[in-house]
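This report concerns only the one structure given below.
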Amino acid sequence: MNDGKEYNLLEKEMTFIENYLILQKLSKSFDYEIHLDDTIKQMRIPKLIIQPIVENAIMHGLKTLKDQGLLQVKAFCENDKITIQITDNGVGIPSVKLKKIQQSMDEISQDEESLFENDVGYALSNIAARLKLTYGPGMASLTINSTEGMGTRVIIQIPKEMEGFQVV
């Protein structure tokens with residue numbers, strides 16, 4: 001998907017996301033919105049850190065939703081950080097499961113080896129580990145906010161300016 005390169009321009013990643021959503025809409029009923037600030041389109045990010053979250057939102061959040069689903073993907077600059085938000089109005093994550101997912105991601109931030117020892121939130125744990133390996137401990141974050149019956153928001157924050165990753 002990227003000629004074997006580990007990084008992609010944010011603009012290109014968002015194009016992949018839009019193409020993925022167009023394909024998903026062929027078999028599922030939901031709406032989506034994508035917003036990308038012009039100022040960060042040329043920012044390089046690790047490839048495939050957004051798509052697994054979008055996929056989770058569709059498969060787990062919107063799939064069983066009785067009403068029309070809405071998925072929003074936004075990327076913007078805030079306080080010298082690039083913020084990427086994936087929000088759905090789906091079924092949400094039960095609090096017990098959310099705690100397990102967050103614990104799994106916390107363990108990853110302590111020890112990447114634990115990524116392969118758990119089966120809760122594997123995609124999210126993988127993304128958390130990749131962010132840590134790419135940007136260093138404490139430089140990037142992945143957080144999940146969810147209310148059962150109301151939806152979920154996943155937020156990725158990465159440094160805007162870092163050697164090798166600044167806007168090109």
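A few points about this structure:
- The set of residues in region 11-42 that are buried (at least 18 other Cβ atoms within 10 Å of the Cβ), more than 16 Å from the chain's Cα centre (by Cα) and in contact (Cβ under 8 Å) with a residue 60 or more places away in the chain contains only ILE40.
- For region 97-109, the count of residues that are at pLDDT below 95 and part of a loop (DSSP other than H, G, I, E, B) is zero.
- Residue that is modelled with the lowest pLDDT [pool: residues in region 80-96 that are of a type in the set (D, E, K, R) and surrounded by fewer than 19 Cβ atoms within 10 Å (Cβ to Cβ)]: ASP80
- Complete set of residues in region 56-79 that are of a type in the set (D, E, K, R) and exposed (fewer than 14 other Cβ atoms within 10 Å of the Cβ): LYS63, LYS66, ASP67, GLU78
- Selection of region 110-144 for residues being surrounded by 15 or more Cβ atoms within 10 Å (Cβ to Cβ), modelled with pLDDT of 75 or more and polar (S, T, N, Q) yields SER125, ASN126, THR134, SER141.
- Candidate set from region 145-161 (those that are surrounded by 16 or more Cβ atoms within 10 Å (Cβ to Cβ) and of a type in the set (S, T, N, Q)); member that is nearest to ASP38 (Cα to Cα): GLN157
The values are calculated or read from the model by the stated rules, or taken from the named source; none is laboratory data. Since the structure is predicted, the reported quantities are computational estimates derived from the model, not experimental observations. All Cβ positions, even for glycine, are placed from backbone atoms using ideal geometry, and neighbour counts span all protein chains on display.
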